[in-house]
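We did not get these values from a lab; they are worked out from the coordinates using the rules stated. No experiment lies behind these values; they were computed from the predicted model shown. FYI the Cβ positions are ideal-geometry reconstructions off the backbone, even for glycines, and counts take in every protein chain you see.
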Amino acid sequence: MVLRKPKPIDQNLRKITIQYKIQVTGVYKTYLLGTTAVPALRGIDLNIKPGEFLGLMGPSGCGKTTLLNLIGGLDYPTRGKIFLDNRDMSLLSENQLADLRRDNIGYVFQFYNLLPLLTALENVMIPLHFQGTLSRRARKRKAMELLKLVKLDERSHHTPSELSGGEQQRVAIARAFANDPSIVLLDEPTGDLDSKTGIEILNLLRDLNRKGATFVSATHDAAVSEYCTRIIHIIDGKIVKGLEVSGLKETDEMREARLSLQAEYKERCERKILEFIRTEKSQNILEIRITKIKDSINEEILKNLPMYFDDLVSELIEKEEIPGKIKSGVLYLEKTNNVLEG
Ligand SMILES: Nc1ncnc2c1ncn2[C@@H]1O[C@H](COP(=O)(O)OP(=O)(O)OP(=O)(O)O)[C@@H](O)[C@H]1O
Ligand SMILES: [Mg+2]
């Protein structure tokens with residue numbers, strides 16, 4: 001009979017309870033710039049529960065991107081450990097880490113990082129290609145569904161340069177969700193967008209977060225923090241104690257209240273749009289940029305809409321049977337339009 005050595009018990013596993021999706025324990029990160037050490041993170045302890053939408057706030061250079069990169073397995077801590085689903089990332093081989101990234105994590109980078117020569121659809125298909133489990137046809141179908149989710153299915157054949165900043169960010173979000181990630185890391189998801197487009201992206205992210213994935217988002221943007229379930233502040237590579245805000249997670253009751261509020265705001269928005277069109281029409285202006293209409297609506301209303309503003313305008317034009325059509329972001333009214341004058 002062979003006497004086997006008992007398996008060693010991983011001390012860390014014993015300490016960790018199952019309730020956290022991500023655990024960051026005593027993490028330091030120091031970059032070497034030539035011979036100069038640049039301390040980016042200086043002792044981060046952070047537990048993140050499944051389904052949270054955690055906001056990382058703090059001044060430029062405080063270490064937000066560094067922390068996201070470590071959680072996402074794109075770089076290693078100098079000291080300390082990170083656990084995803086109780087798995088110690090430092091024990092994974094390069095290949096295991098690559099698998100973990102490919103199968104579990106979605107990344108949304110600050111500047112979209114779309115491949116410029118590929119269409120929106122092809123960009124979203126990339127992670128599916130690397131996963132290698134679906135046929136080309138199935139990949140295409142799935143990518144199309146994802147584009148639909150971010151309301152861009154009609155622009156699937158456009159390349160990034162033919163899309164607005166907000167649209168490119170929506171493609172990047174669709175791509176981040178292609179592998180059904182359980183963790184989504186976002187670096188300044190609204191960083192480069194005007195505040196109104198940013199709000200639309202945030203509404204989209206909030207709804208995606210409700211589908212169950214855990215979100216960690218670095219941001220300077222105070223608007224983002226309104227969408228987070230918890231916010232922590234980092235300064236000089238450390239979490240600032242006493243500045244944490246939590247318990248912001250939307251409950252079913254809150255969601256219901258939000259939806260009814262959104263319906264109300266939608267109505268208000270529709271009235272404003274009609275008013276705007278009527279005024280333009282009375283001045284014989286028959287070509288109206290949708291962005292111009294949008295600029296006339298206050299942010300509080302836009303923030304609470306249940307859908308994208310452009311879609312709302314299209315829907316309204318149809319619903320009110322306003323003679324005219326929308327093409328490339330412009331509403332062209334027909335001359336014989338009396339409907340609005342009553
Ligand atoms: N690859 C690198 N090599 C050397 N130093 C780096 C590197 N990446 C980041 N740093 C330094 O580490 C610190 C933290 O940088 P990081 O990018 O994490 O900050 P941040 O909070 O994301 O800032 P921002 O809000 O401007 O994006 C900074 O001092 C930065 O200069
Ligand atoms: Mg950064």
- [ ] Mind listing the long-range amide H neighbours of ILE235? Cut-off is under 5 Å, sequence gap 5 or more, other chains count too, H placed in the peptide plane at 1.01 Å from N.
- [x] VAL240
Task: Extreme residue, positive dipole direction of the chain, given options GLY63, LEU204, SER161 (C-beta unit charges) - done: GLY63
Open item on the list: For a quick check: with amide H placed at 1.01 Å from N, whose amide H comes under 5 Å from VAL184's, ignoring anything fewer than 5 positions away on the same chain?
Closed with: GLY106, THR214, PHE215, VAL216
Task: Sorted by Cβ density within 10 Å, fewest first, the residues SER217, SER93, SER296 - done: SER93, SER296, SER217
Task: Principal axis dimensions, the chain - Cα atoms, whole angstrom, descending - done: 94, 50, 47
Task: Using θ = phi - 60° and Karplus 6.51 cos²θ - 1.76 cosθ + 1.60, couplings along the range 215-232 (whole Hz; Gly, Pro as x) - done: 10, 10, 10, 7, 7, 9, 8, 4, 4, 4, 4, 5, 9, 7, 8, 7, 10, 10
TODO: With a ≥ b ≥ c taken as the square roots of the eigenvalues of the C-alpha gyration tensor of the range 254-341, please select rounded if a/c is under 1.5 and otherwise prolate if a/b is larger than b/c or oblate if it is not?
DONE: prolate
- [ ] Using +1 at the Cβ of each Lys and Arg and -1 at the Cβ of each Asp and Glu in the chain, identify which of TYR227, LEU186, ASN86 lies farthest towards the dipole's positive end.
- [x] ASN86
Task: For the range 270-282, Karplus couplings with θ = phi - 60° (6.51, -1.76, 1.60), whole Hz, Gly/Pro x - done: 4, 4, 5, 5, 4, 4, 4, 4, 4, 4, 4, 4, 5
TODO: Mind ranking 206-214, 135-143 by how tightly packed they are, going by the mean number of other C-beta atoms within 10 angstrom, highest first?
DONE: 206-214, 135-143
- [ ] For the range 29-71 and the range 161-226, write down the distance between their C-alpha centroids in whole Å.
- [x] 20 Å
Task: Extension gain, PHE130 back to GLU256 (0.36 nm per residue minus Cα-Cα distance, nm) - done: 41.5 nm
Task: Under Karplus coefficients 6.51, -1.76 and 1.60, residue-wise ³J(HN,Hα) of the range 167-183 in Hz, glycine/proline x - done: 5, 4, 5, 5, 4, 4, 5, 4, 5, 5, 8, 4, 8, 6, x, 8, 10
Task: Beta bridges per DSSP with both ends in the chain, % antiparallel, nearest 5 - done: 60 percent
Task: Residue-averaged [θ]222 nm for the chain, counting only DSSP H segments that reach four residues, each worth -39500 (n - 2.57) - done: -12000 deg cm²/dmol
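Considering only the other residues whose Cβ falls under 15 Å of the Cβ of ARG289, what net charge follows from Lys and Arg at +1 and Asp and Glu at -1? It would help to have the intermediate numbers written out before the result.
Details: positive: LYS196, LYS281, LYS292, LYS294, LYS325, LYS327; negative: ASP194, GLU280, GLU287, ASP295, ASP310.
Once positives and negatives cancel, what remains is +1.
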TODO: Quickly work out the LEU286-to-LYS148 label distance, labels modelled 7 Å from Cα along the C-beta direction, and quote it in nm with one decimal.
DONE: 3.7 nm
TODO: Report, by chain and number, residues whose modeled amide H sits under 5 Å from the one on ARG42, excluding near sequence neighbours (fewer than 5 apart, same chain).
DONE: LYS29, LYS238
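Set the Förster distance to 56 Å, then compute FRET efficiency between PHE111 and LYS335 from the Cβ-Cβ distance, nearest 0.05. Let's see the in-between values first.
On the way: r = 43 Å, r/R0 = 0.77.
Working from the Cβ atoms, E equals 0.80.
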Open item on the list: Can you give me the C-alpha center-to-center distance between the range 261-319 and the range 73-107, rounded to a whole angstrom?
Closed with: 46 Å
